[in-house]
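The values are calculated or read from the model by the stated rules, or taken from the named source; none is laboratory data. Since this is a predicted model, take the numbers as computed values, not measurements. In this analysis, Cβ positions are derived from the backbone assuming ideal geometry, glycine residues included, and neighbour counts consider all displayed protein chains. Each accessible area value is taken on the protein alone, full model and side chains, heavy atoms only, with ligands, DNA and RNA left out. Shrake-Rupley method; radii C 1.70, N 1.55, O 1.52, S 1.80 Å.
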Amino acid sequence: MSHDLNPSQREAVKTLSGPLLVLAGAGSGKTRVVTFRIAELIRHGIRPSRILAVTFTNKAAGEMQERAAQLLGKRLPEKPEISTFHSLCVRILRRHIKHLGYPAQFAIYDRGDQESVARQALRDIRVPETTLRPGDLLGFIGRWKNASIRPEEAATLAQSDKEHLASAGYRRYQRSLKIAGAVDFDDLLLCTEELLQNFPAVRQAESSRFDHVLVDEYQDTNGSQYRIIKALAEGHRNLCVVGDDDQSIYGWRGAEVAHILQFDRDWPRAKVVRLEENYRSTAAILNKAKEAATCWPIR
C-alpha cells in the first residue's frame with residue numbers, strides 16, 4: 001500500500017499514535033491520507049468500529065467509506081464509523097439527549113418548520129414582520145448558534161434595537177422547539193457540545209467508544225465542532241486532523257482556522273506533517289503560482 005504514497009503522505013499514514021496534524025493544500029491528497037490511514041490502522045489490529053472519521057458532507061463521508069473498503073480488499077465484520085459531524089451528533093443525542101430534557105426520539109426541524117416557529121415567536125413578542133421577518137430572525141439565531149451563543153447570552157450581547165428584538169425572539173423560538181421535543185440543524189452541534197461539556201458520564205461513555213479519531217477539513221470546524229472532537233479524543237490522544245491552514249470555506253458558519261494554527265498548543269507533543277506536492281493543478285498553473293508568490297511584495 002505504501003508504494004502508492006509520496007514520502008510525506010507515507011509519513012502521515014504510518015504515524016499511528018498520538019496527536020497528528022497534517023497540513024495539506026488543495027490537490028495534495030488530504031482525503032487519500034485519511035482513507036489510507038484508516039486502512040493502515042485496521043491492518044495493525046485496530047478494530048474498525050473503534051475508529052471514528054469525521055468530515056463535512058455526506059458525499060465526502062460516502063467516498064471515504066468506499067475508498068477505505070477498496071484499500072482493505074475484503075469484507076469486514078464491522079466498519080469504521082465514518083460520517084459527517086451532524087450525523088455523529090444525531091447518534092450521540094439519540095443516546096443521551098434526555099439529560100437535556102428532550103425525548104430520545106426528538107424531531108429535527110427543516111427550514112420550513114423553523115420559519116413557522118420563528119413567525120409564531122415574533123407574534124408572541126408582538127414584533128411585526130415589517131420590523132423583523134422570520135428569515136431575518138433565523139439569520140440572527142443561526143449566527144449566534146454557530147458561535148455557541150445561547151439565548152440568555154445573546155440578550156446580554158445584543159447592541160442594536162434589532163438585535164435586542166432578535167434575542168427575545170431567539171428565546172421564544174428555542175422554548176417552542178423544546179416544548180415540541182424538536183431541535184434544528186444547529187442544535188445538533190450545540191446540544192452535543194452541552195452534553196459532553198456538562199455531563200462527565202456522557203463524555204466518558206462517548207469518548208470510550210473509540211481508540212482513534214480522524215477529522216478531514218479541520219480548518220472548517222467551528223467552536224462547537226472543535227470542542228466535540230476535543231472531548232472525544234482527549235482520553236487516548238490518538239487524534240489525526242487534516243486540513244489547509246490557508247483556506248476555510250465555512251467562515252460564514254463560524255469556522256475558525258485558528259483551530260489548526262493552535263493545534264500543537266492544544267495537543268502537546270503533536271507531530272506535524274506538511275503535504276506540499278499538488279496532484280490536481282497542471283505544471284503551468286503551479287509555475288505561475290510560484291512566480292506570483294516570488295514577485296508579490298512583502299508587507
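Assorted remarks:
- Relative to the compact-globule estimate of 2.2 N^0.38 Å, the Cα radius of gyration of the chain comes out at 1.13.
- Degrees, to the nearest 10: 58-72 long Cα axis against longest axis of the chain: 30 degrees
- Relative to the dominant Cα principal axis of the chain, helix 185-198 is inclined by about 80°.
- Probe 1.4 Å - accessible area at Tyr170, Å² to nearest ten: 0 Å²
- Computed E for Ile125/Glu276 - FRET, C-beta separation, R0 51 angstrom, nearest 0.05: 0.40
- Ligands, DNA and RNA are left out, and with a 1.4 angstrom probe the accessible area of the chain is 51 Å² per residue.
- Exposure rank, largest accessible area first [Arg269, Arg47; 1.4 Å]: Arg269, Arg47
- Oblate is the label for region 1-91, because the ratio a/c of its alpha-carbon gyration tensor axes (a ≥ b ≥ c) is 1.5 or higher and a/b is not greater than b/c.
- Cα shape, region 78-197, gyration tensor, a/c 1.5 rule: prolate
- Pairs of Cα atoms nearer than 8 Å and 6+ residues apart set the relative contact order; for the chain it is 30 percent.
- Each Lys or Arg adds one and each Asp or Glu subtracts one; over the other residues with Cβ under 10 Å from the Cβ of Asp4, this totals +2.
- Derived scalar couplings between HN and Hα for region 218-223 equal 4, 5, 9, 6, 9, x Hz in order, rounded to whole Hz, by the Karplus curve 6.51 cos²θ - 1.76 cosθ + 1.60 (θ = phi - 60°), x for Gly and Pro.
- Computed over the chain with a Gaussian network model linking Cα atoms closer than 10 Å, the most mobile of Leu21, Leu100, Leu239 is Leu100.
- The stretch between Asp264 and Leu157, if pulled fully straight at 0.36 nm per residue, gains 35.4 nm over its current Cα-Cα span.
- FRET efficiency for Glu115 and Arg209, using Cβ-Cβ distance with R0 set to 22 Å, rounded to 0.05: 0.05
- Here the Karplus curve 6.51 cos²θ - 1.76 cosθ + 1.60, taken at θ = phi - 60°, turns the phi angles of region 225-237 into couplings of 4, 4, 6, 5, 4, 4, 5, 6, 10, 5, x, 9, 6 Hz, with x standing for Gly and Pro.
- Seen against the Cα atoms of the chain and their longest principal axis, helix 85-96 is set at about 60 degrees.
- In terms of its C-alpha gyration tensor, region 182-245 comes out oblate, because a/c is 1.5 or above while a/b does not outweigh b/c.
- Carbon + sulfur, % of accessible area of the chain - ligands and nucleic acids excluded, 1.4 Å: 50 percent
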